[in-house]
Each structure stands twice: as structure tokens, then as C-alpha cells.
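Working notes, beginning with the structure itself.
The values are calculated or read from the model by the stated rules, or taken from the named source; none is laboratory data. Because the structure is a prediction, the values reported are computed rather than measured. A quick note on method: Cβ atoms are made from the backbone with ideal geometry, for glycine too, and the neighbour counts reach across all protein chains shown. To get the accessible areas, we keep the full protein, side chains included, count just its heavy atoms, and leave off ligands, DNA and RNA. Shrake-Rupley method; radii C 1.70, N 1.55, O 1.52, S 1.80 Å.
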Amino acid sequence: MGRFIAVEGADGTGKSTQARLLAEYLGAVFTREPGGTPLGERIRDLVLDPDGDGPVDRAEALLMAAARAQHVELVVLPALAAGRDVVSDRYVASSVAYQGYGRGLGADVVADVNRFATGGLQPDLVVLVALDVPLAADRLGDERDRIERSGDGLQAKVVEAYKEMATADPDRWIVVDGSGTIDEVADRIARAIDEWLSR
Ligand code: TYD
């Protein structure tokens with residue numbers, strides 16, 4: 001089995017760029033959520049469209065989970081079974097942070113829904129790209145999707161949720177400072193990964 005690594009972070013932390021660079025560094029399959037499959041990408045468009053009739057919070061949680069079920073069964077598990085490492089830009093922790101804490105649906109119920117969606121597949125490692133909300137908001141700029149438009153209140157809850165999850169499970173989570181240039185952050189992540197691999 002390959003290793004399954006999820007990269008997490010609030011919006012504007014540079015997490016997507018870093019996830020891609022990490023996949024290159026490891027020679028891993030790179031994928032993302034919501035998305036990663038044709039159906040998942042269609043769900044992504046539906047959920048993130050700022051002009052659509054947005055889903056209610058419970059529907060948002062279920063759509064994220066549906067895209068994830070498709071992604072796990074058709075992309076992640078086959079790659080792991082073939083011995084490839086997989087780096088996913090976001091995974092279950094995103095739903096716990098955004099829908100569970102951010103939307104206030106509750107961490108436990110969102111985790112339960114996702115256990116069903118994923119058949120219980122957990123990442124071997126979660127890399128959290130951490131950056132203060134004002135800095136991340138600057139990086140985001142004005143081109144925001146529907147969830148990014150929910151505002152800094154949601155982002156602040158998401159940041160707190162990630163911190164809590166990382167503190168509660170230090171063996172599985174690595175927290176990396178997301179400030180500085182792309183290369184600086186990528187170097188920090190590479191060093192943290194090397195250290196994790198040598199544990
Ligand atoms: P993201 O992947 O960060 O996209 P980009 O880097 O292209 O902006 O954003 C997807 C959005 O979806 C982000 O606001 C977080 C949100 N999201 C959830 O709310 N729950 C989830 O389970 C996932 C996977 C994403």
C-alpha cells in the first residue's frame with residue numbers, strides 16, 4: 001500500500017500550490033477535493049458556484065461527502081493498492097472544519113457522515129498549512145468562490161478547528177508555517193515530511 005497524505009488549510013493559505021509541490025517531491029499521485037473524479041468535479045462546480053442557488057448547510061455537507069465517496073473508491077484506494085503514494089488537496093478534515101465547525105453542524109455528525117462516505121479510510125498524515133486569517137484574506141483577493149465569500153468569521157472558525165484537530169492527534173498531523181514565499185513554505189514541508197518518513 002502507498003501512503004495517503006492530505007494537505008489542509010483555510011482559504012488563501014497557499015495549500016493547493018503546496019499540495020501540488022509535495023506530490024511532485026514524493027512522486028505521488030496528486031488529487032483534490034471536492035473533485036478528483038469527473039462527477040466530483042461537477043459537484044465541486046455546483047457547490048462552489050457563487051452565482052448558483054447555494055445548497056443549505058446540510059446539503060453542502062452531503063455533497064462534499066458524496067464527491068469524497070466517489071474520489072476514495074475510484075481514485076485514492078486504487079492508487080494506494082497499486083503501491084502509489086497519494087497527496088490529496090483537502091480530505092475529511094476540511095468537512096469537519098468547514099461544515100462541522102464553520103457552518104456549525106457539529107464535528108461528530110460530520111465525522112460520522114464521512115466515515116460512511118469513505119468506508120473509514122484515514123490519511124496516514126495530514127499536513128496543515130497554517131496562516132493567520134488577515135494574511136490569508138490578503139492572498140485570496142477579490143476572486144472568491146461561494147464558500148470563500150462566506151467571510152472571515154467562517155475562516156476564523158476553520159482555523160481554530162484545524163488547530164484543535166492537529167493538537168488532538170499529533171502523531172498524524174504536521175503543522176507548517178505558511179508565511180513567506182512559495183519556495184520557503186515548500187522547503188519547510190519537505191523537511192517536515194523527511195522527518196516524518198524517518199520516524
Ligand atoms: P479549495 O480547494 O481551497 O480551492 P481553491 O484552492 O481552488 O480556492 O477550495 C474549495 C472550497 O471548498 C474551500 O472554500 C473549502 C471548501 N470545502 C469544504 O467546505 N468542505 C470540504 O469538505 C471540502 C473538501 C472543501
### Message
Under 5 Å between amide hydrogens, which residues at least 5 positions from Trp173 or on another chain qualify, with H placed 1.01 Å from N in the peptide plane?
### Response
Val126
### Query
Of Leu121, Leu22, Ala6, which is farthest on the positive side of the dipole of the chain, counting Cα position, with +1 on Lys and Arg Cβ, -1 on Asp and Glu Cβ, and the Cα centre as origin?
Leu121
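For the ranges 126-137, 39-50, 163-174, what's the packing order if you count other beta-carbon atoms within 10 Å of each residue, average per peptide, and put the highest first?
126-137, 39-50, 163-174
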### Summary
If every Lys and Arg gets +1 and every Asp and Glu gets -1 at its Cβ, then about the Cα centre segment 78-147 yields a dipole, in debye to the nearest 20, of 200
### Message
So if I place +1 on the C-beta of Lys and Arg and -1 on the C-beta of Asp and Glu, and nothing else carries charge, what would the dipole magnitude of the chain be about its Cα centre? I want it in debye, nearest 20.
### Response
500
### Accessible solvent surface per residue of segment 4-197, calculated while the other protein chains remain in place, 1.4 angstrom probe, Å²
47
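What are the equivalent ellipsoid semi-axes of segment 4-197, built from the alpha-carbon gyration tensor (square roots of five times its eigenvalues), in whole angstrom, biggest first?
Three semi-axes, in Å: 23, 21, 16.
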### Estimated distance in nm for a label pair at Ser16 and Gln122, the labels positioned 7 Å out from Cα along Cα-to-Cβ
2.9
## Note on the structure
Per the charge dipole of the chain (beta-carbon charges, Lys/Arg positive, Asp/Glu negative, Cα centre), the residue among Ile182, Ala79, Gly141 reaching farthest to the positive end is Ala79
### Summary
Here FRET efficiency (C-beta to C-beta, Ala168 to Ala59, R₀ 25 Å, nearest 0.05) is 0.35
### Query
Roughly how big is segment 39-90's charge dipole about its Cα centre, with Cβ charges of +1 (Lys, Arg) and -1 (Asp, Glu), in debye to the nearest 20?
300
### Message
Going by Cα centres, segment 153-174 and segment 12-51 are how many Å apart?
### Response
20
